[in-house]
Amino acid sequence: MEEGSHQIQVNQMTEIKSQFDPKLRKVISTKKQVAVIPVGSIEQHGPHLPISTDSDIVSEISKKICQKNSYLLLPTINYGVSQEHAPFFNLSLKETTLQRILLDLCLSLFENNVKTIFIFNGHHGNQNAIKKVDKKLKNKIKVFTFSYWHFMKRDFDHAGFVETSLMLAISKEVKMNLAKKGLITDGMNSQEINKLGRMASKSFPKVTKNGIWGDPRKATKQAGQKIFSEIIENLGKKCQTCLTGHGSKFHQ
């Protein structure tokens, strides 16, 4: 991401993986800390985007929000629930496995005196596993789970205009010459789109044919930067409302 592209003030972010034990324990002991766990996936994103797309996007969003708010940033969980993309390439966890990993991480953070956790999700197939985590830990830890696409005005896609634009803003691995039009839902009503969504959750290639939901051919880096700014602003505000107890129009 270009420096200053989001106009975000960079604060004292603590990235867990680069810390040393004495300093990290001191940081945690000096004030109540908030941790962020990004969750992505490894799966096909058409011929023009890398299989790490979901993980790359949610990692960048998490990093910027942690910088802005001085949260603790955990390493991204790069594997998600992606079996619906078979026979296209995917490396998947079972829903119960992903949920168990998140539960264990949250409990481990709690044992290290971190009692407020945000889980940022970058893959649609992870939602069922993630949304139950807070309920299982509600008596011990404050856990809030959010999927980033709920914090932008554009409709969610897969390797379409939105995801491709976001990747153009943060990665040099996008192959726009290979971008192809995928499933287009323009002119469909919400009932028809929801039906396709339910079918895609079982077999994404069956519904989209080429593994793309949307049309990436007109995606741009500038559009990606704008969408990033919108997500980071809205999701950041939602996090603050969770911490202060005030309401917000944005949802899980």
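Counting alpha carbon pairs within less than 8 Å and at least 6 residues apart, what relative contact order, in whole percent, applies to segment 118-181?
On the way: 41 pairs, mean separation 17.6, N = 64.
With pairs under 8 Å counted, the relative contact order is 27 percent.
From the square roots a ≥ b ≥ c of the eigenvalues of the alpha-carbon gyration tensor of segment 1-145, which class results: rounded (a/c under 1.5), prolate (a/b over b/c), or oblate? Oblate, because a/c is 1.5 or more while a/b does not exceed b/c.
Each residue of segment 42-50 was assigned a 3J(HN,Hα) from its phi angle through the Karplus curve 6.51 cos²θ - 1.76 cosθ + 1.60 (θ = phi - 60°); the sequence is 10, 6, 4, 9, x, x, 10, 10, x Hz, with glycine and proline shown as x. Considering only 141, 71, 36, and ranking their Cα positions along the charge dipole of the chain that arises from unit charges at the beta-carbon of Lys, Arg, Asp and Glu, the one farthest toward the positive end is 141. I'd like the orientation of helix 161-170 relative to the chain: the angle between its Cα long axis and the longest Cα principal axis, in ° from 0 to 90, rounded to 10. Here the helix axis deviates by roughly 50 degrees. Of interest is the spacing of the C-alpha centroids, which for segment 200-247 and segment 153-167 amounts to 6 Å. Charge dipole (Cα centre; +1 on Lys/Arg Cβ, -1 on Asp/Glu Cβ; no other charges) of segment 8-109 amounts to roughly 700 debye.
Contact order, relative form, for segment 75-115: 28 percent (alpha carbon pairs under 8 Å, 6 or more residues apart, mean separation divided by residue count).
Under 10 Å, Cα contacts only: if you run a Gaussian network model on the chain, which one of 94, 238, 23 comes out with the highest mean-square fluctuation? Between 94, 238, 23, it is 23 that shows the largest mean-square fluctuation. Comparing 70, 147, 55 in a Gaussian network model of the chain, where Cα atoms under 10 Å apart are tied by springs, the biggest mean-square fluctuation is seen for 70.
Other residues whose C-beta falls under 11 angstrom from the C-beta of residue 174 contribute a net charge of 0, scoring Lys and Arg +1 and Asp and Glu -1.
Note down the net charge around residue 74, summing +1 for each Lys or Arg and -1 for each Asp or Glu among other residues with Cβ under 14 Å from its Cβ. Don't skip to the end; give the middle numbers.
On the way: positive: 17, 63; negative: 15, 104.
Net of charged neighbours comes to 0.
Positive end of the dipole of segment 14-244 (Cβ unit charges, origin at the Cα centre): among 196, 119, 239, the Cα lying farthest that way belongs to 239.
Percent relative contact order of the chain, based on C-alpha pairs within less than 8 angstrom and at least six residues apart?
Working: 469 pairs, mean separation 56.8, N = 252.
Once divided by the residue count of the chain, the mean separation gives 23 percent.
When Cα extents along the principal axes in Å is computed from the coordinates, the matching label among [x] 63, 41, 32; [y] 63, 47, 39; [z] 53, 39, 34 is [z].
How much net charge surrounds residue 205 when only the other residues with a Cβ under 14 Å from the Cβ of residue 205 are counted, with Lys and Arg +1 and Asp and Glu -1?
Around residue 205, the charge tally is +2.
About its Cα centre, the chain has a charge dipole of approximately 680 debye under the convention of +1 per Lys or Arg Cβ and -1 per Asp or Glu Cβ, with nothing else charged. Taking a straight line from the alpha carbon of residue 68, these lysines sit under 19 Å away, with near neighbours fewer than eight places off in the same chain left out: 17, 31, 32, 226, 237, 238. Can you tell me which of 157, 134, 104 moves the most in a GNM of the chain? Springs connect C-alpha atoms under 10 Å apart. The residue that fluctuates most here is 104.
Readers should treat all values here as calculations from the given coordinates under stated rules, not as data from a laboratory. Since the model is a prediction, treat every value here as computed from it, not as a measurement. Cβ coordinates were reconstructed from backbone atoms using ideal geometry, including for glycine residues, and neighbour counts include every protein chain displayed.
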